[in-house]
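Data block below; observations after.
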Amino acid sequence: DYHHVMMDEPPRFAIWRECEARTMRVGGRLYLAMTWPDDPTIPVEWIFDEVYEKGQEGPNKVSDIDWFELWTIENTNLNQEAIARQMEQWDEQTKQVRIFGRNLRFSHRIHPLFTDVPTWWSFPAGKVIFPSGDLRCPETGSPDIVEFCHVQQVEVSTTFPTIFLLDPHPRKPHMFMWAQIDGNDDITVIADGELDASPEDVRSFVFDFESAYGLRIVDRMIDPNMGRSPSSATQRKMTWQEEFSQVGLNCALASDSDVGRSRINEYLRPDPSTMRPRIVFSEHCFRTVAQMKRYVWDNFRRQDEKALKEKPKAKNDDYPTMLKYLLNSAPCFSVLQQGAPIIRSNRGYQSRTSVRTH
């Protein structure tokens, strides 16, 4: 048994787990001092899951795990002039690892701007920065910068139009989320969830939640791929969309266009007018937050092609894909609130596209 175990650089997970067992019996403590390695052969995903995320401030922080980041440029014992000269010769990725201790293992994320910790954005540079001491962009010298974070405490509205999205599954829990559209056409993801249950139980859970918060549901969407799939081996003639519709949870098939992914990245950028991102997430949406940070490109090569192909990896993709469906619909407050505008022809014919209400 040990009261203190101190590790320099990342150990293997088996060693970490063994040390946990050796310290728990005497109320001991584990210490890990490290710089995130940029060598992809060194396994550090377990550190991200077991230590880094659990030590981040917020509602999901584990009380007895703490994570501290010590930046090289803030170390008064080092020669900062020499560090500055070296930084000028390094590319951005090397600086992120060696100076700011960033983990680049997920640098090929599909939505790389997403962050659940306060981060600085420079409008002149058009990217994330680490501001100088007088809060200016280090690249342009401009004070036109802003601190932002996509995960926040949010207030659920009883008047804003709310969209419900559903991703059914035959062998794992059904997943769903609710998103509200405000008067600026900005999006707040107020809640997410999953339930390993029958469509009837999912419907009851969803309706109870919406009733408890007084949500104004204007539309419901379902994953178009799973929605058209048979719901079970015994119900080969009935799709998931039809089975949920039978119990009263009516959902339209969402658009599966890839355009929604790029729109998500646009909404993640701070807006120069409002000085905040156009999409934010409740701090209680821990499932969505976890997947947004792990949703990556699955790069592969074909034997007959030299070009590198980009395709989303089929892992941690459930909630980000629902967001893609949401952005594919180009949600607009005025249309969702009042319906589409009346179109009049020269012959006096008029039509109006109504918004589905459920």
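Of the helices (runs of 4 or more DSSP H) lying entirely inside segment 161-270, those containing at least 3 residues that are open to solvent by 10 Å² or more (accessible area, probe 1.4 Å) span 199-213, 240-246, 259-268. For beta carbons closer than 6 Å, sequence separation of 6+ or different chains, a first residue in segment 114-128 that is open to solvent by 60 Å² or more (accessible area, probe 1.4 Å) and a second that is outside any loop (DSSP other than H, G, I, E, B), the qualifying pairs are Pro118/Glu147; Trp120/Ile129; Trp120/Ile145; Trp120/Glu147. Of the residues making up segment 287-297, not a single one is within 16 Å of the chain's Cα centre (by Cα), at pLDDT 95 or above and not in a helix (DSSP H, G or I). Cβ-Cβ distances below 7 Å connect the following pairs, each with a first residue in segment 80-93 that is within 18 Å of Gly133 (Cβ to Cβ), a second residue that is among the polar types (S, T, N, Q) and surrounded by 13 or more Cβ atoms within 10 Å (Cβ to Cβ), and a separation of six or more residues or different chains: Ile83/Thr72. Just one residue in the set Ala254, Ala233 is at pLDDT below 95 and farther than 18 Å from Arg203 by Cβ; that residue is Ala233. Taking the conditions (1) surrounded by 14 or more Cβ atoms within 10 Å (Cβ to Cβ); (2) at pLDDT below 90 in turn, Val5 satisfies each one other than (2). The set of residues from segment 320-358 being in contact with a Leu (Cβ under 9 Å, 6 or more places away or on another chain), modelled with pLDDT of 95 or more and not hydrophobic (A, V, I, L, M, F, W, C) comprises just one member, Tyr325. Just so you know, in segment 72-98 the residues that are within 30 Å of Glu283 (Cβ to Cβ) and charged (D, E, K, R) include one that is least open to solvent (accessible area, probe 1.4 Å), and it is Lys95. Answer yes or no: is there a residue in segment 127-135 that is in a loop (DSSP other than H, G, I, E, B) and closer than 30 Å to Asp219 by Cα. No, the conditions are met nowhere in segment 127-135. Does at least one position in segment 134-153 carry a residue that is open to solvent by 30 Å² or more (accessible area, probe 1.4 Å), over 26 Å from Arg263 (Cβ atoms) and among the hydrophobic types (A, V, I, L, M, F, W, C)? There is at least one residue in segment 134-153 that is open to solvent by 30 Å² or more (accessible area, probe 1.4 Å), over 26 Å from Arg263 (Cβ atoms) and among the hydrophobic types (A, V, I, L, M, F, W, C).
Going through Glu69, Glu18, Glu45 one at a time, which residue ends up being without any contact (Cβ under 8 Å) to a residue 40 or more places away in the chain, out of contact with any Pro (no Cβ under 8 Å at 6 or more places or on another chain), within 23 Å of Phe286 (Cβ to Cβ) and of a type outside the set (Lys, Arg)? Spell out the reasoning first.
Working: Glu18 fails: within 23 Å of Phe286 (Cβ to Cβ); Glu45 fails: without any contact (Cβ under 8 Å) to a residue 40 or more places away in the chain.
Being without any contact (Cβ under 8 Å) to a residue 40 or more places away in the chain, out of contact with any Pro (no Cβ under 8 Å at 6 or more places or on another chain), within 23 Å of Phe286 (Cβ to Cβ) and of a type outside the set (Lys, Arg) holds for just one of Glu69, Glu18, Glu45, which is Glu69.
Name the residue that is farthest from Val146 (Cα to Cα), counting only residues in segment 271-283 that are touching a strand residue (DSSP E or B) at 6+ places or on another chain (Cβ under 9 Å), open to solvent by less than 80 Å² (accessible area, probe 1.4 Å) and assigned to a loop (DSSP other than H, G, I, E, B). Filtering segment 271-283 for residues that are touching a strand residue (DSSP E or B) at 6+ places or on another chain (Cβ under 9 Å), open to solvent by less than 80 Å² (accessible area, probe 1.4 Å) and assigned to a loop (DSSP other than H, G, I, E, B), the one farthest from Val146 (Cα to Cα) comes out as Glu283.
The values are calculated or read from the model by the stated rules, or taken from the named source; none is laboratory data. Note that this is a predicted model, so its numbers are computed, not measured. For neighbour counting, all protein chains shown are included, and Cβ atoms are generated from backbone atoms with ideal geometry for every residue, glycine included. For the accessible areas, the whole protein counts, side chains as well, though only heavy atoms, and no ligand, DNA or RNA atoms are used. Shrake-Rupley method; radii C 1.70, N 1.55, O 1.52, S 1.80 Å.
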